[in-house]
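Below: the structure, in structure tokens.
The values are calculated or read from the model by the stated rules, or taken from the named source; none is laboratory data. All of these numbers come straight from a predicted model, not from anything done at the bench. Glycine also receives a Cβ, built like all others from the backbone with ideal geometry; neighbour counts cover every protein chain displayed. Quick note on the areas: whole protein, heavy atoms, side chains included, nothing else; ligands and nucleic acids left out. Shrake-Rupley method; radii C 1.70, N 1.55, O 1.52, S 1.80 Å.
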Amino acid sequence: MKVGFIGLGIMGSSMAYNIFKAGHELIVYNRTESKTKIFKDAGVPVAKTPKEVAEKSEVVIIMVTDAPDVESVLFGKDGVVFGAHKGLIVVDMSTNSPEYAEKFAKKLAEHDVEFLDAPVTGGDVGAREGKLTIMIGGKKEIFEKVKPVFESMGKMIIYAGTTGSGQKMKLVNQIAVALSDLAMIEAIELAKSFNLDIEQVYKVLSTGGARSFTIESYMPRLMRGDLEPGFKLSHLRKDIGYALNEAKKNGTPLFATSLIYQMLISTENLGYGEKGIQALIKLYEILSKAQSS
Ligand code: NAP
């Protein structure tokens, strides 16, 4: 398939590269041009605008930050709709909300363009290794057309239902990610107060009943003092904000999710939004310092 890829950040660069490796015809675009270098070097055409990507593709994949960013890539100056043609399929793989997915699908349909929401989970490692779990909402027949492209980026491909269902599934997933981040950090804090050997704590947490992707992926980074993002803390705060908005609509009580939202926003306010989700530990470190001084 002729695939266009917009957004070559931590996730998008690896995902696009895996599409290229799988043998699809690829064209890429990134707002900051320097991130296109590895593609240029590999002989992949680099478009000047999202419009150009749409003109030259059958499927356009978007992997940017938040809903307003997807909106500007689609409908802003030189956006995807200005290069729209009959049969074009747009796939938003960023994490945002079911409400936005419905809005995007409706507006794109006015231009004869099909839409799928297809957020992912599996982190920077899953993206690099082509082992993402992908959750798709939209028309089943459109999903079937794009499936080979999804298979080049992921191992578990889930058709979740109508438009917005992919984002719903992802918000459910994000609650579990956020709370496992919190669980890992509180466990580490207690271990530190006991002066336990942190290597041994890791062995216990990563092999016993508490083991999780979060512990396996982020605890080693914390142990080497690495706060750089695999998954940015500000992005997790965005996702949890959407989950709470959706829960509000039907009165679903999410006690711990409300708490983690406040903790994430506080850590972001302390200047750690662009760091990884493991930087939540800074909130504890700063508060325990404040208590002891
Ligand atoms: P990232 O490294 O910050 O990359 C964001 C990308 O979006 C960059 O290419 C950026 O372009 C582009 N972008 C942002 N706003 C834009 C705009 N208004 N117009 C055009 N381009 C724009 O983020 P990421 O970690 O790859 O995450 C991307 C999405 O995947 C997010 O929705 C995130 O929540 C989700 N996600 C992330 C992970 C993870 O572990 N990292 C896992 C699952 C899902 P520039 O280079 O010009 O800034």
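In order along the stretch 260-268, the phi-based Karplus estimate (6.51 cos²θ - 1.76 cosθ + 1.60, θ = phi - 60°) of 3J(HN,Hα) comes to 5, 4, 5, 5, 5, 5, 5, 5, 5 Hz; Gly and Pro are listed as x.
Helix 213-223 axis versus longest C-alpha principal axis of the chain: approximately 60°, rounded to the nearest ten. The DSSP beta bridges internal to the chain are antiparallel in roughly 15% of cases. Close amide-amide hydrogen proximity is noted between Ile27 and Val3, Gly4, Phe5, each under 5 Å apart and 5 or more residues distant or on a separate chain (H modeled in the peptide plane; Pro and chain starts excluded).
Amide H to amide H distances under 5 Å link Val44 with no residue, where only residues 5 or more positions off or on other chains count and H is placed in the peptide plane.
The phi torsions of the stretch 80-86, fed into the Karplus equation with coefficients 6.51, -1.76 and 1.60 and a -60° offset, translate into couplings of 3, 4, 6, x, 5, 9, 4 Hz, rounded to whole numbers, with Gly and Pro shown as x. Working value for the stretch 19-146: equivalent-ellipsoid semi-axes of 21, 18, 15 Å, each the square root of 5 times a Cα gyration tensor eigenvalue, largest first. Split the accessible area of the chain by element, probe 1.4 Å, and carbon with sulfur accounts for 54%.
Taking the 0 to 90 degree range and rounding to the nearest ten, how far is the long axis of helix 140-153 tilted relative to the main principal axis of the chain, both from C-alpha atoms? That helix lies at roughly 60 degrees to the long axis.
Please pull out the direction-averaged projected area of the stretch 107-169, using the convex hull of its alpha-carbon atoms, in nm² to one decimal place.
For the Cα atoms of the stretch 107-169, the hull's average projected area reads 4.3 nm².
Using the average count of surrounding beta-carbon atoms within 10 Å as a protection proxy, the listed peptides 274-283, 72-81 rank, highest first, as 274-283, 72-81.
The fraction of all Cα pairs in the stretch 184-293 landing in successive 5 Å bins from 0 to the largest distance is 2, 11, 19, 21, 19, 16, 8, 3, 1, 0, given as whole percents.
A convex hull fitted to the Cα coordinates of the chain yields 140 cubic angstrom per residue. Listed cross-link partners Lys35/Lys248; Lys145/Lys170; Lys203/Lys282 are compared with a 30 Å cut-off, the Cα-Cα value being larger for Lys35/Lys248. FRET efficiency for the Ala256 to His85 pair, using the beta carbon distance and R₀ = 51 Å, is estimated at 0.65. Relative to the longest principal axis of the Cα atoms of the chain, helix 10-21 runs at roughly 50 degrees.
Size check on the stretch 46-89: the Cα extents along the three principal axes, sorted descending, read 25, 18, 18 Å.
Set the Förster radius R0 to 41 Å, insert the Cβ-Cβ distance between Asn269 and Lys48 as r into 1/(1 + (r/R0)^6), and round the FRET efficiency to 0.05.
My answer for the efficiency is 0.65.
Based on C-alpha pairs under 8 angstrom that are at least 6 apart in sequence, the stretch 193-293 has a relative contact order of 31 percent. Probing with 1.4 Å while keeping every protein chain in the model, the per residue accessible area of the chain equals 47 Å².
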